[in-house]
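This report concerns only the one structure given below.
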Amino acid sequence: MNDDDPGCSGGESFALRVLGDSMAPEFLEGEIIIVEPEGLAVDGSYVLAWHREEWTFRQLRRDGAQWRLHALNPAHPDAPAISLNAVRGVVIQKAIPGRRRASKRYV
């Protein structure tokens, strides 16, 4: 991450709580996601990205030579034509608070 970028820094994985319904039904509000800042972002990865001056959680999708941030919930628009430089981490796991065995890995 560049010095002029806001927010997280460093290479250690960190946890975030899902807010909103843009990534439903795979990720529900209140679930915890684990983000790997140095993870490999490929087509289909769930990523944390800096877009339009805010952090966003979406699925990375490739359209030819272009990349976009895809919302799983069709009620939310995709963000077309982004640079991979916007991707700041890859989601590697999710967990449901209070349910120790209810987790899923993504890599």
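Just so you know, all these numbers are worked out from the coordinates, no wet-lab data involved. As the structure is a computational prediction, the values presented were derived from the model and not from experiment.
Annotations for the structure displayed:
- Cα gyration tensor shape of the chain, rounded if a/c is under 1.5, else prolate or oblate by comparing a/b with b/c: oblate
- C-alpha center-to-center spacing [segment 77-104, segment 27-45] in angstrom: 2 Å
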